[in-house]
Amino acid sequence: SKKAFIFDLDGVIVDTAKYHFLAWQKLAQELGIEFTPEHNEELKGVSRVRSLDIILALGNVKASQEDKNKWLIQKNEEYLSYLVDMDESELLPGVINVLQFIKEKKQLIALGSASKNARPILEKTGILHFFDAIVDGNDVANAKPDPEVFLRAAKLVKANNKNCIVFEDSVAGIQAANVANMISVGIGDAEILHEAKYNFKDFTFMDFSFIEALLD
Ligand code: G16
Ligand code: MG
């Protein structure tokens, strides 16, 4: 039977983490909260709402729901301003080759992202056509490490969980894949992502024989 390859978006397909950081930092600055690149690591794979809570906690800031909603919109508008000029040059190394190889092998490709901005990013980078299913932050109630996002993706492409391979750059995402009984593949630092079944620094380190070996 076919395998389903489920890709996380930010940090796996495209390096939008730097734009999330800049947008959060701008807001943090306005609120008088110190927010460093190290703090930003905690926001990887985490929803927008939860990210704001983490930042407010850093500065011991208590806020009304009204203020929080205003800041969430402000952050997203700032983030979107970085995406205006986005094109295929922002794809991470090796991504296109992997997507093409999986397609040639007639296997399934899905997106499993926490982001509510996933679709326009796939469009702007010219890779939307590769995806048989897209599940993003607009579709799920429970954020990673809850497996909901990956379970939905598997369901949409009609694949058994054990036939799914998840590419993830966040600890929460690897945990979500493992809970779902899927094959977890860390993309990034092997020490940070030590719970992953396999790990590659980036896709250029992943030989196609690795994918071939997963097929039957
Ligand atoms: C991405 C990022 C997170 C971001 C989240 C929500 O998740 O890793 O830092 O907070 O999406 O993004 P948005 O504000 O665009 O809805 P993923 O799962 O693609 O890595
Ligand atoms: Mg990610």
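Annotation: the range 76-130 has a Kirkwood hydrodynamic radius of 12.4 angstrom, from the mean reciprocal C-alpha pair distance. Our analysis of the range 141-195 gives Rg over Rh at 0.97, with the two radii drawn from alpha carbon positions and Rh computed by the Kirkwood formula.
Here the alpha carbons of the chain define both size measures, Rg and Dmax, at 17.2, 55 Å.
Legend: residue pairs 18/124; 75/124; 3/116; 44/106; 26/68, Cα-Cα distance threshold 24 Å; pairs beyond threshold, 3/116; 44/106. In summary, no helical segment of the chain meets the span-like criteria, namely a full DSSP H run, a Cα extent along the axis of 24 angstrom or more and a mean Kyte-Doolittle hydropathy of at least 0.0.
Given the chain, what percent of its DSSP beta bridges are antiparallel, to the nearest 5?
Working: 1 of 20 bridges.
Antiparallel bridges: around 5 percent, rounded to the nearest 5.
For the range 30-85, the average shadow cast by the Cα convex hull is 4.2 nm², which is a quarter of the hull's surface.
For the range 43-123, the normalised intensity computed at q = 0.15, 0.19, 0.22 Å⁻¹ comes to -0.73, -0.97, -1.14 (log10 of I(q)/I(0), Debye sum over alpha carbons, equal scatterers, no solvent).
Scalar couplings 3J(HN,Hα) for the range 201-216, obtained by applying the Karplus form with A = 6.51, B = -1.76, C = 1.60 to θ = phi - 60°, are 4, 7, 5, 5, 8, 9, 6, 4, 4, 5, 5, 3, 5, 7, 7, 10 Hz; x denotes Gly and Pro.
Quick one: which of 2/144; 62/155; 155/197; 103/201; 70/103 span more than 30 angstrom between C-alpha atoms?
62/155; 70/103
With the simple model of a label 7 Å out from the Cα in the direction of the Cβ, residue 192 to residue 34 spans 2.1 nm. Percent of C-alpha pairs per 10 Å bin in the range 1-105, short distances first: 13, 40, 26, 15, 6, 0. Dimensions of the range 171-216 based on its C-alpha atoms, expressed as ranges along the principal axes with the largest first, amount to 27, 23, 11 Å.
So what is the relative contact order of the range 50-150, in percent, for Cα pairs below 8 Å that sit 6 or more residues apart?
Rounded, it is 23 percent for the range 50-150.
Using the average count of surrounding beta-carbon atoms within 10 Å as a protection proxy, the listed peptides 92-102, 146-156, 205-215 rank, highest first, as 146-156, 92-102, 205-215.
Once you keep just the Cα pairs under 8 angstrom separated by 6 or more residues, what percentage relative contact order results for the chain? Could you put the intermediate results ahead of the total?
Numbers: 338 pairs, mean separation 53.7, N = 216.
Reported relative contact order: 25 percent.
Full extension of the segment from residue 54 to residue 97, taken as 0.36 nm per residue of separation minus the current Cα-Cα distance, would add 11.9 nm.
Where a number appears in this text, it was derived from the coordinates with a stated rule and is not lab data. Owing to the predicted nature of the structure, the values given are computational and were not obtained by experimental measurement. A quick note on method: Cβ atoms are made from the backbone with ideal geometry, for glycine too, and the neighbour counts reach across all protein chains shown.
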